[in-house]
Protein chains: 2
Amino acid sequence: MDLYHEKLHQAGELLDAHDLDLWLILVRETSEHTDPALKLLGHFSLTWTTAIMVTRSGRAVALAGLGDDEALRRTGLFDEVRPYTQSIGPELVRLLQSYDPQRIGINISRSDVSADGLTYGMYLNLGDYLAGTPYRERLVSAEHFVAALRSRKTPQEVARMRAAADLSMRIFTATGDFLRPGVSEREVAAFVHAQTHAAGATTAWDPVHCPGLNAGPNSPWGHTGPSDEVVRPGEIFHMDFGVQLDGYCSDHQRVWYCLRPGEHEPPAEAQHAFNAVKAAIRAAAAAIRPGVVGWEIDAIARQTITAAGYPEYPHALGHQVGRAVHDGGVGFYPRWERYGDKPYGTIDAGMVLTLELGVRTRYGYISLEEEVLVTPDGCEWIGPPQEELWLIR
Amino acid sequence: MDLYHEKLHQAGELLDAHDLDLWLILVRETSEHTDPALKLLGHFSLTWTTAIMVTRSGRAVALAGLGDDEALRRTGLFDEVRPYTQSIGPELVRLLQSYDPQRIGINISRSDVSADGLTYGMYLNLGDYLAGTPYRERLVSAEHFVAALRSRKTPQEVARMRAAADLSMRIFTATGDFLRPGVSEREVAAFVHAQTHAAGATTAWDPVHCPGLNAGPNSPWGHTGPSDEVVRPGEIFHMDFGVQLDGYCSDHQRVWYCLRPGEHEPPAEAQHAFNAVKAAIRAAAAAIRPGVVGWEIDAIARQTITAAGYPEYPHALGHQVGRAVHDGGVGFYPRWERYGDKPYGTIDAGMVLTLELGVRTRYGYISLEEEVLVTPDGCEWIGPPQEELWLIR
């Protein structure tokens, strides 16, 4: 079973668990505007309005404009692909009548971008297609189903995420060899981009600020590009980076200290900060298991780092990773108003999440980010975590 | 003035022409799901819910989550960038109160994918932000404004489209040198992809079926990938191809005839078909000027090709090209129900459109596609049109 069949099979099971009889994705001209949930099921390029449906029994059906139908058929995913010529509406109604679903999930969500793929114009069109039928009143948000389908990684998805993390680790290692006093953030970014492309991957987020780099304490922080700051003896070099490989992302942060002439180890203050950050991440990881609530894990890391004498980090401890680097749904969010309902979500087995936090020191920004896969009784690292503050000599 | 400033200036003028006081784009996590209209104004990567607004006077203002704001400011496009921390709603209302727009255009469209970027969930959120204010009732579709902004190419956009077409032409020429008896569609696709990437471009549509290739009469037609069919003496080779270079697309079709041993020119029947296709495109081009209605131009080509003894082509004569290869809005569509209102749209100066049609012959599919820029008194080719049936020796 290939990855997309595996995901389709999972969709059938999750529809049942979420009491949905049918999931309906409605898209058009996907090269110009697609539904982010569509890529969970396959690589599709659709010109005309297309309805992709999965039933509670796991049956997959597509209604597509004549000309788009053959490519859908060739994916081998669908039990049935019906082409239409004039309008999708009458065919869609006929198809719904044959299944007579009581609850039809559509991709609308106020809080989860990844589950909110239906545009307002397409929603109006759908209402017209279903006018005068009982199905219009049976449309419900599929957001919780979509979040589960996206977040519960199948074995093949986990394998791809491990491969992405392995590549990231090789690039972090190569970058460590490249770093020397005088090298600028811009030069490091160009080096990392070349390594990424040579491996057949892309950066996990916009290459304008992936990798995110901080050379020393004066490098600007936030979603801006690399600066002209350079690696300097006696300073920290920090890199936030991930790749997208075979459709799946990685996301890690690593830190180096550049030794001064005659120095053999980092200053005690930098070492203390690194140890505290690492300890906070390890304490959080030790508490992760299915059924815990996101904010509880954030609180453990937050308490650990403040108990070590550092301020709270001004963000969440972690988000999910997958097809997107910010993969939507629940995560390790603090109970702050800006995070809405997200902190209260339950962590499930199969989710991949980050654990990330840092502290500012006079040597620079010492921040780590690790990835974990939630297992039935705990969690496992995706990519080996950073054990020591790496040294630039 | 750079391209984005040029486009922003045009937006102000077009808002006035469309009697809109303010254009509001609302997006979040644009790496996962963006509004297709956003790329007309710039390359943005936004994490949190962001409102981008342009007023009738051409003033550009953005409301963005703290952390996204600095990158917006650095674009130099905005008169004001206001960061928010807790919720975008109250700031958005305050900003609207300061302009007090009577008609607020938002990106919703039932028929134009490029003008339908607002998701249903975001529409609900927007309704909540504006609850209790007069602005909720002042929201109207910006679709005609968005279509005009996209379709009326500025001088810098035209220059980029010419550059994309020039690159396409170089790749068509190189492909002609590569073609020889026995070369398969798959080998040609790989060659074309390598040429495209070496030039720093990408294919104009999904590389799975760009280039679209037809070697001889038995190659399958439609949105499927290249087949194992090969170039054969006595047969036609057809290629539908475009690049995306610096954000703008090209789209052309070219045809070759592979000479048999001892043959010095194409068979009369193939030559006749080529001449008829070329003549139909030229007749249509000669009639293009601002103010004509799309279906009238399609009808000229359709009459020309049927008068030459060939069947009607089963599609529209042409679509717009720009940031997307199918750039939305009006085009040269026949008055068929499936095209809705599109055939009745008026052609304006500054639009770039394709002229494409073909006929099936026993030698293969003889189809051409040219691009024209509509000028104040007619049209100009974008990329030199194909004058002769090219020969593979």
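Where a number appears in this text, it was derived from the coordinates with a stated rule and is not lab data. These figures come from a predicted structure and were not determined experimentally. Using ideal geometry, Cβ is built from the backbone for each residue, glycine included, and neighbour counts are taken over all protein chains shown.
In this assembly of identical copies, the label point of B:ALA287 (Cα plus 7 Å along Cα-to-Cβ) is separated from its counterparts by 7.4 nm, sorted shortest first. Any chance you could check the Cα centroid distance between the range A:228-270 and the range B:277-318 for me, in angstrom? With the range A:228-270 and the range B:277-318 each reduced to a Cα centre, they are spaced 62 Å. Taking the label point 7 Å along Cα→Cβ, A:GLY58 and its counterparts in the other copies are spaced 6.1 nm apart, in ascending order. Among B:SER114, B:SER250, B:SER87, the largest mean-square fluctuation in a Gaussian network model of chain B (Cα springs under 10 Å) belongs to B:SER87. Note on A:ARG186 and A:THR173: the model spin-label points, each 7 Å out from Cα along the C-beta direction, lie 3.1 nm apart.
Report the FRET efficiency, 1/(1 + (r/R0)^6), for B:SER227 and A:HIS264, where r is their Cβ-Cβ distance and R0 is 56 Å, rounded to 0.05. After rounding, the FRET efficiency stands at 0.30. Restricting the range A:300-393 to chymotrypsin sites (Phe, Trp or Tyr not before Pro) that sit in a DSSP loop and have at most 16 other Cβ atoms within 10 Å of their own Cβ leaves A:TRP336.
Between copies, the label points of B:LEU124, set 7 Å from Cα on the Cα→Cβ line, lie 1.9 nm apart, reported in increasing order to one decimal in nanometres.
Looking at the range A:155-391 alone, DSSP beta bridges between its own residues are antiparallel in about 95 percent of cases. Summary value for the range A:155-391: 21 percent relative contact order, contacts being C-alpha pairs under 8 angstrom separated by 6+ residues.
Between the range A:180-206 and the range A:338-393, the alpha-carbon centres lie 22 Å apart. Across the range A:3-150, the relative contact order, built from alpha-carbon pairs under 8 Å that are at least six residues apart, equals 26 percent.
Can you tell which of B:ALA324, B:PRO314, B:LEU373 lies farthest toward the positive end of the dipole of the range B:238-393, using +1 and -1 charges on the Cβ of basic and acidic side chains (Lys, Arg; Asp, Glu)? Among B:ALA324, B:PRO314, B:LEU373, the one farthest towards the positive end of the dipole of the range B:238-393 is B:PRO314.
Of the trypsin sites (Lys or Arg not before Pro) found in the range A:300-389, those in coil by DSSP whose Cβ has at most 15 other Cβ atoms within 10 Å are A:ARG335, A:ARG362. Straight-line cross-link partners of B:LYS7 among the lysines, defined as a Cα under 16 Å from its Cα and at least 8 positions apart when in the same chain: B:LYS39, B:LYS153. Close amide H pairs (under 5 Å, H built 1.01 Å from N) link A:TYR84 with A:ALA64, A:GLY65, A:LEU66, residues at least 5 positions away or on another chain. Under 17 Å between alpha carbons, and skipping anything fewer than 8 positions from B:LYS278 in its own chain: which aspartates and glutamates qualify? Here the aspartates and glutamates satisfying the reach criterion relative to B:LYS278 are B:ASP240, B:ASP251, B:GLU269, B:ASP298, B:GLU312, B:GLU356, B:GLU369, B:GLU370, B:GLU371, B:GLU380, B:GLU387, B:GLU388. Label positions at B:ARG73 and A:GLU388, each projected 7 Å from the Cα along the C-beta direction, are separated by 4.1 nm. With contacts taken as Cα pairs under 8 Å and at least 6 residues apart, the range A:263-393 reaches a relative contact order of 28 percent. The label point for A:ALA17 and the one for B:ASP100, both projected 7 Å from the Cα toward the Cβ, are 5.4 nm apart. For the range A:240-254, backbone phi angles converted through the Karplus equation (6.51, -1.76, 1.60; θ = phi - 60°) give residue-by-residue couplings of 10, 7, x, 10, 10, 10, 6, x, 10, 9, 10, 7, 9, 10, 9 Hz, Gly and Pro being listed as x.
Under a Gaussian network description of chain B, with springs only between Cα atoms under 10 Å, the residue in B:PHE172, B:PHE78, B:PHE241 that fluctuates furthest is B:PHE78.
The GluC sites (Glu not before Pro) of the range B:198-293 include none that meets both conditions, a loop assignment by DSSP and at most 12 other Cβ atoms within 10 Å of the site Cβ. For the range B:3-150, a simple Cβ point-charge model (Lys and Arg +1, Asp and Glu -1, everything else neutral) yields a dipole of about 40 debye relative to the Cα centre. Close amide H contacts of B:PHE332 (hydrogens built in the peptide plane, cut-off under 5 Å, sequence separation of 5 or more or a different chain): B:GLY318, B:HIS319. Computing FRET efficiency as 1/(1 + (r/R0)^6) for A:GLN271 and A:GLU6, where r is the C-beta to C-beta distance and R0 is 45 Å, gives about 0.50.
Taking B:HIS315, B:HIS33, B:HIS252 in turn, the Gaussian network model of chain B (Cα-Cα springs below 10 Å) assigns the largest fluctuation to B:HIS33.
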